[in-house]
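Everything below concerns the one structure shown next.
Readers should treat all values here as calculations from the given coordinates under stated rules, not as data from a laboratory. For clarity, every value in this text was computed on a predicted model and none was experimentally measured. With ideal geometry, Cβ positions are generated from the backbone for all residues, glycine too; neighbour counts draw on all protein chains shown.
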Amino acid sequence: MSDEDKAFIERIAKRIYDTGFITPAVFALEMVKPLALLGSHTMIFFGPIVSAFIKADGYYRAAELFEEPRNVEALIAKLEQFEIESKNKQTEKHSER
C-alpha cells in the first residue's frame with residue numbers, strides 16, 4: 001500500500017471518527033470485509049448515480065482501494081487507533097484532576 005493510500009484511509013477513518021459512529025462502522029466493516037470485491041464492484045456500478053447527487057472526488061478511489069480485504073482491515077485498525085488515542089487522552093485529563 002502506498003503512502004497516498006495510507007493517507008486516504010486515514011482521512012476516511014478521521015471522518016468516521018468525527019461522526020462518532022466508530023463502533024457501528026467497525027461492526028459493518030467486519031461484516032462486509034469478506035465481500036470487499038463484490039462491494040467494490042457494486043460501488044463502481046452505482047458510481048454514475050452517486051456522482052449525480054454528491055461530489056464524488058474520492059469515490060472511485062475508495063472503490064478501487066477497498067477491493068482488497070486487507071485495506072478494509074487497515075481502515076478498521078485506523079479507527080481503533082483513533083478510539084484508543086481518544087480514550088488515553090480522556091484518561092490523562094481525568095488523572096490530572
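To the nearest 20 Debye, how big is the dipole of the chain about its Cα centre, given +1 on the beta carbon of each Lys and Arg and -1 on that of each Asp and Glu?
320 debye
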Inset, instruction - Write down, largest first, the equivalent ellipsoid semi-axes of the chain in whole Å, where each equals the square root of 5 times an eigenvalue of the alpha-carbon gyration tensor. - result: 29, 14, 12
Inset, instruction - Per residue of the range 45-54, in order, report the coupling 6.51 cos²θ - 1.76 cosθ + 1.60 (Karplus, θ = phi - 60°) as ³J(HN,Hα) in whole Hz, putting x for Gly and Pro. - result: 4, 8, x, x, 6, 4, 4, 6, 10, 10
Inset, instruction - Quick one: among A74, A28, A52, which has the greatest mean-square fluctuation in a GNM of the chain with alpha-carbon springs under 10 angstrom? - result: A52
Legend entry - Of K33/K93; K6/K93; K55/K78; K33/K87; K55/K89; K33/K55, pairs whose Cα-Cα distance is over 28 Å: K33/K93; K6/K93; K55/K89
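Only helical DSSP H runs with n ≥ 4 go in: add -39500 (n - 2.57) per run for the chain, normalise by residue count and round the 222 nm mean residue ellipticity to 500 deg cm²/dmol. Could you put the intermediate results ahead of the total?
On the way: 5 runs with 81 residues, N = 97.
Helix contribution divided over all residues of the chain: -28000 deg cm²/dmol.
What percent does the relative contact order of the chain come to when contacts are Cα pairs within less than 8 Å and at least six residues apart?
On the way: 60 pairs, mean separation 38.9, N = 97.
Relative contact order comes out at 40 percent.
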